[in-house]
Amino acid sequence: MADTNYDYSGVQILITGATGLIGRELVEKLLARGAKLRTTSQRPPPEDYPVHRLEHRVGDLADRQFARQIMEGVEGLFHLAGKRGSIGIQRTRAATMLGDNVMICFNALDAARRAGVARILYASTVTVYPPMAIYREDLAWSANPHPGDEYAAWAKRMAEKFIEAQEIQYGSANTAIVRPVNTFGPHDNFDPQTALVVPALIARALSGEKPLTVWGDGSAVRDFLYVSDAADGMLLAFEKGLGKGPFNLGSGLGSSIKDVVAAVVKATGYDGEVKWDTSKPSGEPRKVADIARARQTLGFEPQIELNTAIERTVDWYRRIGSSSRPRLP
């Protein structure tokens, strides 16, 4: 889907947060396209990371000097680095979610401008939106983000505003902004204490947890995207979306939590009881991304439907088994 006339051959590309979920997918896709890759992470990469096929540097983008060093000679940037986690993590580590994410993004984007990086893809998130049933790009600033996500969301909002400010001051309309929905797949974080909903359910089901207790009644509808589709959308934005405003990346359809749980149960072969804890909140009834702008401008079209995506993720997780750990970019 991400095939265009853009030639990556020999182009020096930097991916920040490259050992995370989407970063790993982009690494493989860009290496396949012939890019010359430099990648970063805050911690040493996992054992299966392809260090022999690229240049990898470990460091903290909250350090301005490190951010400037890694931008030297870079022609294209995919900026994915940042702190992420469940709502519980975001509440208990609010200062980290706001402060570190702001510093990471501002340092990276400022360093990219100073280094003359020609093309930039910035990965924002749909949590920048206030509570609403359908996320439309122009409505992001119509109210405050949901309180459960507000600190990380405000950091992402401020990074988007910083990109706008750079365009105004320096005339550099060379950045594409994408807002992915809840993305999952291989190399995700499967720790039930910190993972997002799909990988957490997969890990709990395969661990044999009985009953499998899920908050709410399962009626809430959310938008989920398989990691390869998210990466393809980012490539398309990098190639065709510079200076054209933000693009939602999602399924455009939405799935109920009940359907997600059913797909996980089927893919894992879970044979225990699923218990719906209706004393706990289900959350907002519906949250789905409108992807019309990405379809029309980028030619973005998700390829992997939910059941297949969950089956592929389960297959990968089974292969790596208990060696899976949270992958921190």
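For the reader, a short list of remarks on this structure follows.
- Selected residue [under 13 Å from residue 235 (Cα atoms) and surrounded by 13 or more Cβ atoms within 10 Å (Cβ to Cβ)] from 68, 33: 33
- Residues in the range 1-29 that are free of Cβ contacts under 8 Å to residues at least 40 places away in the same chain and within 21 Å of residue 188 (Cα to Cα): 27, 28.
- Pairs, first at positive phi in the range 68-80, second surrounded by fewer than 21 Cβ atoms within 10 Å (Cβ to Cβ) and not in a strand (DSSP E or B), C-beta under 7 Å, six or more apart: none
- Some residue of the range 127-136 being buried (at least 22 other Cβ atoms within 10 Å of the Cβ) and over 22 Å from residue 23 (Cα atoms): yes
- Scanning the range 171-209 for residues that are part of a helix (DSSP H, G or I) and either of a type in the set (A, V, I, L, M, F, W, C) or surrounded by fewer than 19 Cβ atoms within 10 Å (Cβ to Cβ) (or both) yields 197, 198, 200, 201, 202, 203, 205, 206.
- Flag for residue 163 being part of a strand (DSSP E or B) and closer than 26 Å to residue 130 by Cα: no
- Filter result for residue 31 (in contact with a Lys or Arg (Cβ under 7 Å, 6 or more places away or on another chain), in a helix (DSSP H, G or I) and either farther than 20 Å from residue 107 by Cβ or modelled with pLDDT of 95 or more (or both)): yes
- Count of the range 243-264 residues which are over 30 Å from residue 119 (Cβ atoms), under 18 Å from the mean Cα position of the chain (by Cα) and assigned to a strand (DSSP E or B): 0
- Count - residues of the range 43-64 that are assigned to a helix (DSSP H, G or I) and either in contact with a helix residue (DSSP H, G or I) (Cβ under 9 Å, 6 or more places away or on another chain) or modelled with pLDDT under 95 (or both): 2
- Scanning the range 266-282 for residues that are in a strand (DSSP E or B), surrounded by fewer than 17 Cβ atoms within 10 Å (Cβ to Cβ) and not acidic (Asp, Glu) returns a single hit, 275.
- Test: residue in the range 221-242 that is surrounded by fewer than 15 Cβ atoms within 10 Å (Cβ to Cβ) and either of a type outside the set (Val, Ile, Thr) or touching a Cys at 6+ places or on another chain (Cβ under 8 Å) (or both): no
The values are calculated or read from the model by the stated rules, or taken from the named source; none is laboratory data. Everything quoted here is computed from the prediction, not taken from an experiment. Ideal geometry is used to build each Cβ from the backbone, glycine not excepted, and the neighbour counts take in all protein chains shown.
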